[in-house]
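Data first, discussion second: the structure below is written as structure tokens.
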Amino acid sequence: MRAPVLVLMAVMLFASPAWAHVRIYPEGEAWLSLGPLFSTSFSPDAPGQGIGAEATLNWLEGPGGVGVFGQAQRMTRSSTRVCGGLQGILLVGGLELGLAHETAGRTHIATTSLHVAPYLAFVFGTVGLRFGIPLSNGRGAGPDGMERTRLPLEMGLVLTAKIPIALSKDTIWGPIFPWN
């Protein structure tokens, strides 16, 4: 007999008009996130790690949002990788689509690729997979004049730490961060 009474009390509590104003999702908010980025490539033909920075600008509405991102990394294969594009997020999952360019290194010539990266987002960072699909193949002269190939398909793991900065005046989460 106690269980139905407790269920009824819980329903009345959460159906109360006092909860009507509580927002759990952002409504038309803009957020800028900045932070360091670490990546590692699992491609057997082009292994390597990278360290750099990422910036994202997102517009959030309800449980989802859209945005733009930019990344710059110094890679252990003696090259620099820059990337930018669009991203979408739904709850804690997201997807980046963009273009990446990696300068020539010890083992390859400069390569431009399609960047596809599904990720899981947390307030202060992301964990994702990265796929770099070269837009062309072939050979060319490297920085030392020796013939080299372009980078092959890249598969890797990406970790970022982020500082979220609210750009909207009235944000749902802004007050919990002292810098907003």
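The values are calculated or read from the model by the stated rules, or taken from the named source; none is laboratory data. As the structure is a prediction and not an experimental result, all values here were calculated from the model. Every residue, glycine as well, gets a Cβ built from its backbone with ideal geometry; the counts of neighbours run over all protein chains shown. All accessible areas refer to the heavy atoms of the entire protein, side chains included, with ligands and DNA or RNA removed. Shrake-Rupley method; radii C 1.70, N 1.55, O 1.52, S 1.80 Å.
The number of residues in the range 55-94 being assigned to a loop (DSSP other than H, G, I, E, B), farther than 20 Å from residue 132 by Cβ and open to solvent by less than 40 Å² (accessible area, probe 1.4 Å) comes to 1. Considering the range 95-149, and only residues there that are among the hydroxyl-bearing types (Ser, Thr, Tyr) and more than 11 Å from the chain's Cα centre (by Cα), the residue that is most open to solvent (accessible area, probe 1.4 Å) turns out to be 107. Taking each residue of the range 102-127 that is at negative phi and touching a residue at least 24 places away in the same chain (Cβ under 8 Å) and looking for partners that are among the aromatic types (Phe, Trp, Tyr) and in a loop (DSSP other than H, G, I, E, B) with beta-carbon atoms closer than 7 Å, six or more apart or interchain, yields nothing.
Just one of the listed residues (43, 39) is in a loop (DSSP other than H, G, I, E, B), surrounded by 13 or more Cβ atoms within 10 Å (Cβ to Cβ) and not β-branched (Val, Ile, Thr), namely 43.
Is it the case, given these coordinates, that residue 164 is surrounded by 14 or more Cβ atoms within 10 Å (Cβ to Cβ) and assigned to a loop (DSSP other than H, G, I, E, B)? Let's see the steps before the verdict.
On the way: surrounded by 14 or more Cβ atoms within 10 Å (Cβ to Cβ): yes; assigned to a loop (DSSP other than H, G, I, E, B): no.
For residue 164, the condition - surrounded by 14 or more Cβ atoms within 10 Å (Cβ to Cβ) and assigned to a loop (DSSP other than H, G, I, E, B) - is not met.
Taking each residue of the range 42-59 that is touching a residue at least 24 places away in the same chain (Cβ under 8 Å) and looking for partners that are assigned to a loop (DSSP other than H, G, I, E, B) and open to solvent by 50 Å² or more (accessible area, probe 1.4 Å) with beta-carbon atoms closer than 6 Å, six or more apart or interchain, yields 48/76; 49/76. When restricted to residues that are aliphatic (A, V, I, L, M) and within 17 Å of residue 43 (Cα to Cα), the range 66-103 contains 2.
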